[in-house]
Structure formats: C-alpha cells, structure tokens
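Since every read-out is calculated from the coordinates, none of them should be taken as a lab result. Quick caveat, the model's predicted, so the values are computed rather than measured. Neighbour counts run over all protein chains shown; Cβ positions are idealised from the backbone, glycine included.
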Amino acid sequence: MEIMKEITVADIMTRNPLTVSPETSLLDCAKKMLKNKLVGFPIVQKEKLIGFITQRDILWALIKLKEINDLRKIKAIGVSPRKLVTVSPNMPIEKAIKKMKKYYRLPVVINEKLVGIIAAADILLFNPEFYPEFEELSKIREESEKLKRLKKIGYKTSQGYCEECGNYDSLSKSGKGLVCDECREK
C-alpha cells in the first residue's frame with residue numbers, strides 16, 4: 001500500500017469527461033446519460049465548472065413535475081447543487097477517497113477549470129484493495145440517510161436496551177416505548 005501514497009488523482013482520473021452546458025434541458029441530460037451509460041455530468045460554461053447534474057437530480061425534478069415533457073423546460077443548472085465538492089489533480093488518491101463521503105464521482109479542477117473526473121470505479125479498477133473503504137463509506141451513507149428519514153418523521157434514536165426484547169441496539173421511540181428496529185416493525 002506504500003506505493004498508493006504516491007498515486008495522485010491525475011494518474012487515475014478520466015480526462016476530457018462528457019459535459020453539459022447550463023442551458024441543457026433535463027430531458028436532454030437524461031437522454032445523454034442513457035446514451036453514454038453514465039449517471040451524471042459536470043455542467044461547464046467556457047471550460048469553467050459551474051455545477052453537476054445526476055440521475056438523482058432529474059428523478060427529483062420528475063417527481064415534482066406533472067408531465068415528463070416538463071423536463072424540457074428545466075435547465076441543468078436549475079437543479080444542480082450550489083456547493084460542489086471537487087478535487088485537484090495533484091491530490092493523493094487516498095485523500096480523494098476521503099472526500100468521496102457523499103459522492104461516488106468528483107470533478108477534478110484547476111482554478112475552477114474542469115480537467116477531469118474521478119469515480120470510485122476508476123479507483124477500484126486501478127486498485128481493488130480499496131473496496132473495503134468504499135464499502136464502509138456506503139454503509140455510513142446508508143445509515144446517515146436512515147437517520148435523516150427517522151428524524152423527519154419524529155423518531156428519536158439512541159443506543160440502549162429494547163423495551164420489548166431486551167437486546168442492546170439502536171433504539172427509536174414508538175407507541176411501544178424505546179424499541180429496536182426489529183421490534184418496531186412487528
């Protein structure tokens with residue numbers, strides 16, 4: 001693993017990734033994603049990275065719309081996150097993996113200019129030994145999402161002994177008191 005400390009993002013990244021302009025409609029983005037078998041595109045204007053659009057962004061927009069044809073009216077920049085997580089080409093690959101907490105692909109930039117994209121798949125193809133780290137990130141992300149959903153519906157979570165079965169586990173408040181997930185679902 002010592003040699004991995006010398007590997008940088010530039011060594012593994014995809015150069016000249018496919019991009020979309022800020023004015024590209026969501027319908028055109030979706031078609032381009034399907035055609036190229038990709039899950040997202042950097043949004044670029046005059047070589048400058050200004051956003052990122054993913055399948056998930058398009059699905060959220062679609063849920064809020066009445067008809068699929070309405071996707072023609074919404075521009076890519078309209079649903080792009082405001083804050084972008086990026087990496088530089090000279091960043092060590094191990095540091096880039098740590099920045100991939102929420103996203104499986106990150107734009108690579110120099111002075112706001114897009115020079116590439118790095119994806120978890122690129123890193124795993126280069127060195128499959130990183131698989132456990134990505135698996136752990138995935139589990140953390142999944143648990144974080146569960147906690148957010150529970151908080152939205154009013155559940156309070158903590159660790160302790162389930163009032164139903166007596167097992168030590170993550171607990172949430174329900175009509176039965178503080179119970180584990182298994183007892184709450186019964």
| remark: By the Cα gyration tensor axes a ≥ b ≥ c (a/c under 1.5 gives rounded; else a/b larger than b/c gives prolate, otherwise oblate), the shape of the stretch 23-79 is prolate
| note | Distribution output for the stretch 2-133: share of Cα-Cα pairs per 5 Å bin in percent, first bin at 0, values 2, 11, 20, 21, 18, 13, 8, 5, 2, 1, 0
| Residue-wise, which Karplus ³J(HN,Hα) couplings in Hz belong to the stretch 91-103, taking 6.51 cos²θ - 1.76 cosθ + 1.60, θ = phi - 60°, and x for glycine or proline? | 6, x, 4, 5, 5, 5, 4, 5, 6, 8, 4, 10, 10
| query | Could you give the radius of gyration (one decimal) and Dmax (whole number) of the Cα atoms in the stretch 1-51, in Å? | reply | 14.7, 45
| Distant-in-sequence amide H partners of ILE110 (H built 1.01 Å from N, under 5 Å) | VAL115
| request: Evaluate the Debye formula for the stretch 80-120 with equal point scatterers sitting on the alpha carbons, no solvent, and hand back log10 of I(q)/I(0) at q = 0.18, 0.24, 0.27 Å⁻¹, in q order, two decimals. | output: -0.45, -0.80, -0.99
| query | Amide H neighbours of LEU178 under 5 Å, counting only residues 5+ apart in sequence or on other chains, H built in-plane at 1.01 Å? | reply | GLU163
| remark: Here, GLU112 and ARG56, labelled 7 Å along Cα→Cβ, have an inter-label distance in nm of 2.6 nm
| note | Here the stretch 6-14 yields Karplus 3J(HN,Hα) values (6.51, -1.76, 1.60; θ = phi - 60°; whole Hz; Gly and Pro given as x) of 8, 7, 10, 4, 4, 5, 10, 4, 8
